[in-house]
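K.L.:
Sharing a structure with you now.
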Amino acid sequence: HSSERLVLEQAVTSFWLRLEILSDLDCEPILEFADKVSPDSELFWIALHQLKTDPQLVEIFRRSSQQLIEADGVVKDIEAYWAMEFEDFFRS
């Protein structure tokens, strides 16, 4: 959904700023790479474990994932399930 793409761009921008990357941000190559890689669940959970070490990154992820889930105006059961899984993971 087009509104989901905007949320992803905002998330990349937030992570970019938080990580204080000194070069100019161009979201398109980052999102194109993510589309190509299509991380499997193992790679995704590894990334979440790394992200969990920084409370500010966790907050960006929480906010961005919620916005992504709501972006198309429909919250599917699987999206609600994963939102709860993420919360459980970050609380543990």
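The values are calculated or read from the model by the stated rules, or taken from the named source; none is laboratory data. Since this is a predicted model, take the numbers as computed values, not measurements. Reconstructed Cβ throughout: ideal geometry from the backbone, glycine too, with neighbour counts over all protein chains shown. Just the protein is used for accessible areas: all its heavy atoms, side chains included, with ligands, DNA and RNA removed. Shrake-Rupley method; radii C 1.70, N 1.55, O 1.52, S 1.80 Å.
K.L.:
Carbon and sulfur: what percent of the chain's accessible surface (1.4 Å probe)?
P.N.:
So the carbon and sulfur contribution to the accessible surface is 58 percent.
K.L.:
What is the chain's relative contact order, in percent, from Cα pairs under 8 angstrom and six or more apart in sequence? Write down the numbers at each step before the final one.
P.N.:
Details: 41 pairs, mean separation 38.1, N = 92.
After rounding, I find 41 percent.
K.L.:
How charged is the neighbourhood of residue 31? Take every other residue with its Cβ under 9 Å from the Cβ of residue 31, and add Lys/Arg as +1 and Asp/Glu as -1. Don't skip to the answer; put the middle values down first.
P.N.:
Values: positive: 5; negative: 9, 28, 32, 35.
Taking every other residue near residue 31 into account, the sum is -3.
K.L.:
Quick check for you: with a 1.4 Å probe and neighbouring chains kept, what is the accessible area per residue of the chain, in Å²?
P.N.:
Per-residue accessible area for the chain comes out at 71 Å².
K.L.:
Using only the alpha-carbon atoms of the chain as identical scatterers, what base-10 log of I(q)/I(0) does the Debye formula give at q = 0.17, 0.18 Å⁻¹?
P.N.:
Taking Cα atoms of the chain as identical point scatterers yields -0.83, -0.94.
K.L.:
Follow-up question, since we're still on this one. What is the dipole size for the chain, taken about its Cα centre, with +1 at each Lys and Arg Cβ and -1 at each Asp and Glu Cβ, in debye to the nearest 20?
P.N.:
For the chain, the charge dipole is close to 260 debye.
K.L.:
Given the options 27, 83, 71, identify the residue whose Cα lies farthest towards the positive end of the charge dipole of the chain (+1 on Cβ of Lys, Arg; -1 on Cβ of Asp, Glu).
P.N.:
83
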